[in-house]
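The values are calculated or read from the model by the stated rules, or taken from the named source; none is laboratory data. Since this is a predicted model, take the numbers as computed values, not measurements. Don't worry about glycine lacking a Cβ; one is built from the backbone with ideal geometry, like all the others, and counts go over all protein chains shown. Only protein heavy atoms, including side chains, enter the accessible area calculation; ligands, DNA and RNA are left aside. Shrake-Rupley method; radii C 1.70, N 1.55, O 1.52, S 1.80 Å.
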Amino acid sequence: MTFLEKLKKRVCNKNSYLCVGLDPIWEKIPPHLPRTQDGLLEFLLMIVNETQAYAAVFKPNFAYFEILGTPGIEVLQELIRQIPSDIPVLGDAKRGDVGHSAKMYAKSIFETFECDAVTVSPYQGEDSINPFFEYDGRGVFVLCLTSNPSATDFQLPEMYLRVAKKVKELNSRGNAGLVVGATRPEKIESIRKISGKMPFLIPGIGIQGGDLEKTLIAAEDGSNIPYLINASRSIIYSNSTIKYAQKAGDAAKSLRDQINLCRSNL
């Protein structure tokens, strides 16, 4: 089953467009958990267990595991293995390098870690992202207009539109998507006009203050999966007590329901 097939089935079964980001930080995990590999894995698996009823996708951010060295990588691999197989895993790795290196990155993400999809950076051009697209059954979300304030340094006023145009050209296999931040909803409509129908991965809702309703209106494309709304910190760190996982589930349900309410009003 391809990433998009798995995603469509998941979205339909759970009535959810929510992507739950898994960004573990030692200092933020509940104090009753040990600061060990087992403690970190327990934290993440409990989050997965309590939020999976509301999540369309789980998105582990590689940086938060890599900083811990070999133990972190081992936790990441075990986490991916234990996420239920019907839930797509999007490896938030933001890889982007010259062609021969990009091939190794693609093989790492899709074969070693067995992710269903990945985030990539297009800064070095077509040959830096083509190796990811060559995995027909995997999803590739290309950074287009990100949610951080200094995105203006390079992405604006028009670079993000060039990215959208190029990714549309490269989408012959139908496995492309774009990362588009909710902090700039006024730009999303122009991206959609260029991209046509492809899923947007949208961070910036929640702690970063993106406007959910405006974002959904701008990103709509009439397809079954116009977007995935990502939330990380506002879900997994919503509580630091022994009830942290239950509270994370509550936060995931709340955002899932907010998304569906906004969609019903479009």
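Tabulated data
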| read-out | value |
| --- | --- |
| Dipole in debye (nearest 20) - the chain, about Cα centre, beta carbon charges: Lys, Arg +1; Asp, Glu -1 | 560 |
| Over 14 Å [Cα-Cα, region 84-159], rounded percent | 60 |
| Simple spin-label estimate for K28 and K197 in nanometres, 7 Å along Cα-Cβ | 3.6 |
| P(r) histogram, all alpha-carbon pairs of region 15-106 included - 10 Å bins from 0, percent | 15, 46, 30, 9, 1 |
| Scaled radius of gyration (Cα, divided by 2.2 N^0.38 Å) that the chain gives | 0.95 |
| When each of K14/K197; K6/K103; K197/K247; K14/K187; K9/K214; K59/K214 is checked by Cα-Cα distance, pairs over 32 Å | K197/K247 |
| Of the GluC sites (Glu not before Pro) in region 74-115, those whose Cβ has at most 13 other Cβ within 10 Å and which sit in DSSP loop | E114 |
| Nearby aspartates and glutamates by direct alpha-carbon distance to K243 (threshold 14 angstrom, same-chain neighbours under 8 apart not counted) | E42, E50 |
| Whole-Hz ³J(HN,Hα) from phi, Karplus 6.51 cos²θ - 1.76 cosθ + 1.60, for region 86-92, glycine and proline x | 7, 9, x, 10, 9, x, 7 |
| Sparse-neighbour loop sites [GluC sites (Glu not before Pro); region 120-168; at most 11 other C-beta within 10 Å; DSSP] | E158 |
| Cleavage-rule hits, trypsin sites (Lys or Arg not before Pro), region 1-77, DSSP coil, Cβ neighbours within 10 Å at most 14 | R35 |
| Surface share of carbon and sulfur [accessible, 1.4 angstrom probe, percent] for the chain | 49 |
| Relative contact order [Cα under 8 Å, 6+ residues apart], the chain, whole percent | 22 |
| Cα gyration tensor shape for region 164-239, rounded if a/c is under 1.5, else prolate or oblate | prolate |
| Furthest towards positive pole of dipole, T152, G137, A106, structure part region 26-165, Cβ charges | T152 |
| Whole-number accessible area per residue in Å² for the chain, which is evaluated in the context of all protein chains at 1.4 Å | 45 |
| Compactness of region 76-115 - radius of gyration and Dmax, Cα, Å | 11.3, 34 |
| Virtual paramagnetic centre 7 Å along Cα→Cβ of K214, amide N under 18 Å, in region 126-156 | 145-152, 156 |
